[in-house]
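Working notes for the structure below.
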Amino acid sequence: MMRKVWLGVMAASAVMWVGSVQADADLAKNSGCLNCHNVDIKLVGPALKDVAAKYAGQEGAADYLAGKIKNGSNGVWGTIPMPPNPNVSDENAKVLADFILSLK
């Protein structure tokens, strides 16, 4: 009995996680991130997986990236600047940063 309950909890958690990842990907699309970025390959800006790899395991990385999402960036990934995105709320910038950092 306990095993069935445990398996049910694990299955529900997996469904919620997959749904969350999809929601975060939709937020990236709707926020305009995917106009210049792709998950796997460099477009105008770096691939999001490359961003995740660069900041993996760094303390404060999510807050740092959330600030870059909101305020833009220049010179970190080359000469093309990333414009600020003031239409993204602080909360959504953090969600986006966490999503990016979750990519492998």
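Throughout, read-outs are computed from the coordinates displayed, never taken from laboratory work. What you see is a predicted model; the values in this text were computed from it and never measured. Using ideal geometry, Cβ is built from the backbone for each residue, glycine included, and neighbour counts are taken over all protein chains shown.
Please get the size of the charge dipole for segment 22-102, origin at its Cα centre, with Cβ charges of +1 on Lys and Arg and -1 on Asp and Glu, quoted in debye to the nearest 20. Don't skip to the end; give the middle numbers.
Working: 7 positive and 9 negative charges, 57 e Å.
Once rounded to the nearest 20, the dipole reads 280 debye.
How about LYS49: which lysines have a C-alpha closer than 26 Å to its C-alpha, ignoring those fewer than 8 places off in the same chain?
Leaving aside lysines fewer than 8 places away in the same chain, those within reach of LYS49 are LYS29, LYS68, LYS70, LYS94, LYS104.
In terms of modelled amide H atoms, which long-range or inter-chain residues lie less than 5 Å from the amide H of TRP77?
none
Please state, to two decimals, what the Cα-based radius of gyration of segment 22-102 comes to when divided by 2.2 N^0.38 Å (N = residues).
Its radius of gyration relative to the 2.2 N^0.38 Å reference: 0.97.
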